[in-house]
Structures are given as structure tokens and as C-alpha cells.
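Only the coordinates and a few stated rules stand behind these numbers; no lab work does. Because the structure is a prediction, the values reported are computed rather than measured. All Cβ positions, even for glycine, are placed from backbone atoms using ideal geometry, and neighbour counts span all protein chains on display.
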């Protein structure tokens with residue numbers, strides 16, 4: 001059974017500004033759906049897609065605005081793509097850009113995929129969510145259409161219009177409200193959620209194309225971890241990397257983020273032949289080695305980033321893992337960087 005999928009917090013870009021303009025308390029709304037306020041300032045963080053949808057639904061209810069999601073998507077525009085935007089803008093054509101978007105979308109969203117479907121003279125840019133029914137999904141899908149429209153306008157031109165906007169659900173408001181937002185009446189109760197346009201658009205050249213920059217960006221983005229994996233331990237590792245610096249890496253907190261009980265989470269891990277503590281230790285080991293290669297961080301700072309109460313607790317754990325101290329390991333493996341780390345250690 002696949003766990004509850006995640007998305008990156010960059011999907012909340014502009015949320016606080018937009019929600020507050022609607023007379024809402026953005027931080028209070030996050031708290032009400034059990035999401036940390038810190039996500040608003042940490043775009044690299046991850047959150048449950050189900051809670052993301054619940055957040056949008058709560059915004060709809062409290063604002064009395066049935067098109068909250070759609071309007072938020074139009075407000076966010078291309079900013080929700082982060083570094084990926086620079087990659088796709090440096091493709092040769094719109095078609096190449098949309099292909100790259102689909103290829104790397106899982107870095108930002110593990111709940112949906114972007115599929116480009118060509119049928120004769122029409123192309124459908126399909127935002128396919130793997131789960132079909134959950135509260136607020138209609139808000140999330142309209143938001144995705146708003147973002148898709150703004151992306152296409154950024155690539156093709158600000159006055160660009162699709163042939164059709166497709167939504168899987170029934171109208172959330174009267175058609176005139178959609179027309180005011182989109183300048184086109186969506187097709188409701190469709191088989192897919194997305195936008196349709198002529199195939200000729202795929203061959204439109206992008207003026208900003210830079211092949212060398214594209215390759216550099218692609219190499220950088222490839223280092224990011226995809227969120228679409230279906231393996232439970234990998235989901236937990238992703239969450240732990242996000243929770244450890246705040247000292248919240250407990251089985252209770254991880255289970256809550258995945259909308260499971262701690263007992264259910266531990267039972268599922270047992271079925272996969274692994275324990276939560278083993279995943280926590282493995283994640284800390286990997287992060288510790290990476291942090292020790294950073295010449296700026298002291299041992300005390302690394303201990304804090306790994307969620308330890310103090311550096312002595314971290315040092316004991318490190319010795320248990322590797323049979324040596326953090327500084328000795330650093331001397332052996334990062335000779336050129338050790339003096340600065342040692343200097344900071346002596347000052348702490």
C-alpha cells in the first residue's frame with residue numbers, strides 16, 4: 001500500500017499573501033490542518049498532499065470563495081516551479097519545455113504527474129492526480145490549471161489562450177465567474193484535468209534558450225530527490241531530513257505527517273523488514289557525513305541539525321556508528337577541510 005504522498009512546500013508560494021488578502025489568517029489556517037507555519041518560509045520542505053488539499057478546502061470554506069484554488073494558482077503563476085522554471089525556459093521549444101516539466105515534476109510533487117498527450121491537431125497538458133477522491137482535490141486541480149495557464153503564457157506570450165480548460169469535477173461556481181478568471185468556460189466532468197491547445201504551439205521557439213545553461217541546470221536539478229517513490233522507508237527518510245533540524249524526528253510526528261497512527265506506521269515498517277529507529281539512524285549517518293564535509297559547520301551545529309540535545313550525545317552516536325569521533329572521521333576523510341572545523345570546535 002502506498003503511503004500518503006508528499007509535495008514540496010514551494011507549492012505554498014504566495015499562499016500567505018493571497019490568503020491574507022482574502023481576509024484569512026494564513027498561519028492560523030496551516031495550524032488548523034496540522035501543518036507547521038515554517039513551511040511558508042521553507043520551500044524545500046515537504047508536506048502531505050492530503051493536508052495540502054484540506055488546507056485549500058478550509059480556505060474555500062472560510063473565505064466563502066468557491067474559486068479560491070483557481071485564483072491562488074493564477075496568483076502563484078510560474079513561481080511555484082522554483083529552479084525548474086529556469087531549466088524549462090532554457091529549452092529550445094515549448095514542446096521540449098513541457099517534456100522537461102513532466103520529466104522532473106516528481107521532484108516537487110509525489111501526488112501527481114504531468115502528461116503531454118497528442119491527439120491529431122490537439123495537445124492535452126494533463127495534470128494527473130493518482131488519488132481520485134479526497135476533500136479539497138477540486139480546489140487543488142483548479143489551482144493546477146491556473147498555474148498551467150500562467151506557465152504557457154510565460155512561454156508563448158501573455159495573451160495566449162488555450163483551446164479548452166478541462167476539469168474532472170462539476171462547476172464550483174457559476175460559469176460567469178470562471179469566465180471572469182479564465183476568459184474561457186471550462187469543460188466540466190471531463191476525464192482529465194488540464195488544458196488543450198494546438199500542436200503547432202509545441203514547435204514555438206523559446207527566445208531565452210541557452211544550451212550550456214540548460215545542461216548546468218539539469219545537472220543541478222538531477223541531484224534533488226524525487227517525491228514519487230512508492231517505498232515507505234524512502235518517504236520516511238524524506239520526512240526525517242525535514243524534521244531533524246527542529247528536533248521533531250519522532251515516530252509520533254512522522255506518523256502524524258503521514259496521517260497514520262504510530263502503531264500502523266510501525267506495523268507497515270515491520271512488514272518491510274525494517275524499524276523506524278533503523279531508518280532514523282541511517283538518515284542521521286548519511287546527513288552527518290555530508291555535514292562534516294562542510295567547512296562552515298561546527299560539531300555543535302551539526303548535532304543541532306541532526307536533532308540532538310547537545311554535541312556529546314551526537315558524538316556518542318557517531319562513535320557507535322563508525323567506531324570513531326566526528327573530528328577523527330573528518331581528519332581521515334576531509335583533510336583539506338578539517339582545520340576550520342577543528343578551529344570552530346575549539347571555540348565552542
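Among 59, 334, 91, the largest mean-square fluctuation in a Gaussian network model of the chain (Cα springs under 10 Å) belongs to 334.
Helix 262-271 and the long axis of the chain differ in direction by around 80°, with both axes built from C-alpha atoms. Each listed q (0.09, 0.10, 0.14 Å⁻¹) maps to a log10 I(q)/I(0) for the chain, found by the Debye formula over equal Cα scatterers with no solvent: -0.58, -0.70, -1.17. The relative contact order of the chain comes to 16 percent, based on Cα pairs under 8 Å that sit 6 or more residues apart.
Given a 10 angstrom Cα cut-off, can you work out which residue in 149, 240, 172 is the most mobile in a GNM of the chain? Of the options given, 172 has the highest mean-square fluctuation.
Principal-axis analysis of the Cα atoms of the chain puts helix 232-243 at an angle of about 80° to the longest axis.
The packing ranking, built from the mean of other Cβ atoms within 10 Å per residue, places the peptides 264-272, 295-303, 108-116 in the order 108-116, 295-303, 264-272, highest first. Relative to one another, the C-alpha centroids of the range 94-113 and the range 255-298 are positioned 27 Å apart.
Between the helical axis of 311-322 and the longest alpha-carbon principal axis of the chain there is an angle of about 90 degrees.
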